[in-house]
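One structure is given below, encoded as structure tokens.
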Amino acid sequence: MNASALKAELFAYAREIGIDKIGVCSAEPFDELRVRLTEHRKKGYDSGFEEKDIEKRVDPSLTVPGAQSIIAIAVAYPSKMPYNPAQAPGAYRGVMARVSWGQDYHHVLKERLQALKDFLLERIPHAKAEIMVDTGVLSDRAVAERAGLGWIGKNTALITPEFGSWVYLGEMVTDVFLPRDEPMSDGCGECTRCLDACPTAALVQPRQLNARRCLAYLTLTRGSLEEKDREKIGARLYGCDTCQTVCPYNQRVNATHQEEFRPDPETSKPLLKPLLCMTKSEFREKYGASSASWRGKKPIQRNAIIALAHFKDTTAVPELAKLLYEDPRPVIRETAAWALHKIGGEEAERVLITAESKETDPTVKRQLQQYLEGSNKNCTGRS
């Protein structure tokens, strides 16, 4: 089949199955990316979630031998909820990043890419093709940029003219030749809003992110967080959208046409206190179909504790006390102790005193002792 005609058919079918943007680029190695990734790793900026083998990340032929083309796709998602659920003292809410709204995008995009792959194989039965979304070895953004879907902004997100950076990305590597699309020019200009707004200065320079300092990464970790990071997280439960919400290309953009990604405000901005005692089965029922579920409930519960401290919610003291007394996870107990100390008040202090006498984990016990010593010094200073 003529390559141009095949490409036209693929593009037309992509639109039929709900793919918002599609482009094609060569499968030649991403040599410039290799240099950046090597430097990135030397500086310790990796998150640890990436593919460890840099060569696999930059050479598509290691995924599909004889690879000639990569088909890149983008699917838009909403940036605004249909309404903001009520928030009040005693009924504070946390925030889930937009990538977790609606159904898990990994499944949605893989289904559409699989349909596109099947369409290709119907026409070229002997073709080889491999699809990937986010967790694949290639850099989705580097592929999308080369295929002309947009450009990589200073916040390291791919920015499209139509949908800003509110897009999910995926690709299909194939040994079939298809005509290439032209990359776009950089549209960021002199703007530095994303760099200026980053809460932890994780954007160390344009298009370079120290993932270990990014709040999106910190909300996903399962361990204890440093106090300075707890202060920065605020009410974030999963992910961080700050560098995207300030981007001029994302203003007044709200793609609501993808039904799978329409958010449920009660899930996307949930009440905090119910999260503290949520069981595994309850968590799976509420968040199992969302991309927020992949790290389990522990990070979200820890972050909910931090959010309650951020709001200084005194009505949460009984729930936090129950966690401090009974939860088997030291990270949760330690975070609950910190939250009670931050909320303050006589009731919270009584809980800390009782917990210190019972605590067996040395790290948690040491933290409790420090909080109580600090309270005693403050009392002495006021007498």
Kindly indicate whether any position in region 186-200 is over 30 Å from A67 (Cα atoms) and among the basic types (K, R).
-> yes
Given (1) surrounded by fewer than 13 Cβ atoms within 10 Å (Cβ to Cβ); (2) at pLDDT 95 or above, index of the condition S69 fails | (1)
Applying the selection to region 286-338, what residues are over 24 Å from E356 (Cα atoms) and either outside any helix (DSSP H, G or I) or polar (S, T, N, Q) (or both)?
-> G288, A289, S290, S291, S293, W294, R295, G296
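Looking at A91, A5, A12, which one is touching a strand residue (DSSP E or B) at 6+ places or on another chain (Cβ under 8 Å), among the small types (G, A, S) and surrounded by fewer than 19 Cβ atoms within 10 Å (Cβ to Cβ)?
Values: A5 fails: touching a strand residue (DSSP E or B) at 6+ places or on another chain (Cβ under 8 Å); A12 fails: touching a strand residue (DSSP E or B) at 6+ places or on another chain (Cβ under 8 Å).
Result: A91 is the single residue among A91, A5, A12 that is touching a strand residue (DSSP E or B) at 6+ places or on another chain (Cβ under 8 Å), among the small types (G, A, S) and surrounded by fewer than 19 Cβ atoms within 10 Å (Cβ to Cβ).
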Taking interchain pairs and intrachain pairs at least six residues apart, which have beta carbon atoms under 6 angstrom, with the first residue in region 292-313 and more than 30 Å from H107 (Cα to Cα) and the second assigned to a helix (DSSP H, G or I) and among the charged types (D, E, K, R)?
-> I306/R230; A309/K342
Hey, can you tell me all the residues within region 121-158 that are under 17 Å from C188 (Cβ atoms) and assigned to a strand (DSSP E or B)?
-> W151, I152, L158
Checking W151 against (1) in contact with a helix residue (DSSP H, G or I) (Cβ under 7 Å, 6 or more places away or on another chain); (2) in contact (Cβ under 8 Å) with a residue 40 or more places away in the chain, the condition it does not meet | (2)
So which residues in region 182-210 are within 21 Å of the chain's Cα centre (by Cα), on the phi > 0 side of the Ramachandran plot and small (G, A, S)?
-> A201
Among the residues of region 161-213, which ones are polar (S, T, N, Q) and in a loop (DSSP other than H, G, I, E, B)?
-> S165, S185, T192, T200, N210
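Filter region 15-63 for residues that are among the β-branched types (V, I, T) and either part of a loop (DSSP other than H, G, I, E, B) or in contact with a Cys (Cβ under 9 Å, 6 or more places away or on another chain) (or both); which is surrounded by the fewest Cβ atoms within 10 Å (Cβ to Cβ)? Spell out the reasoning first.
The first filter runs over region 15-63 and keeps only residues among the β-branched types (V, I, T), leaving 17, 19, 22, 24, 35, 38, 54, 58, 63.
Applying the additional criterion that residues be either part of a loop (DSSP other than H, G, I, E, B) or in contact with a Cys (Cβ under 9 Å, 6 or more places away or on another chain) (or both) yields 17, 19, 63.
Numbers: I17: 13, I19: 22, T63: 19.
Filtering first and then ranking leaves I17.
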Among all residue pairs at least 6 apart or on different chains, which show Cβ distances below 8 Å where the first residue, located in region 105-121, is free of Cβ contacts under 8 Å to residues at least 40 places away in the same chain and the second is surrounded by 19 or more Cβ atoms within 10 Å (Cβ to Cβ)?
-> Q114/I131; L121/A129
From the residues in region 267-325 that are buried (at least 19 other Cβ atoms within 10 Å of the Cβ) and acidic (D, E), which one is nearest to A86 (Cα to Cα)?
-> D313
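The values are calculated or read from the model by the stated rules, or taken from the named source; none is laboratory data. Here the structure is a predicted model, which is why all the values come from computation and not from measurement. Here Cβ is always computed from backbone atoms with ideal geometry, including for glycine, and neighbour counts include all displayed protein chains.
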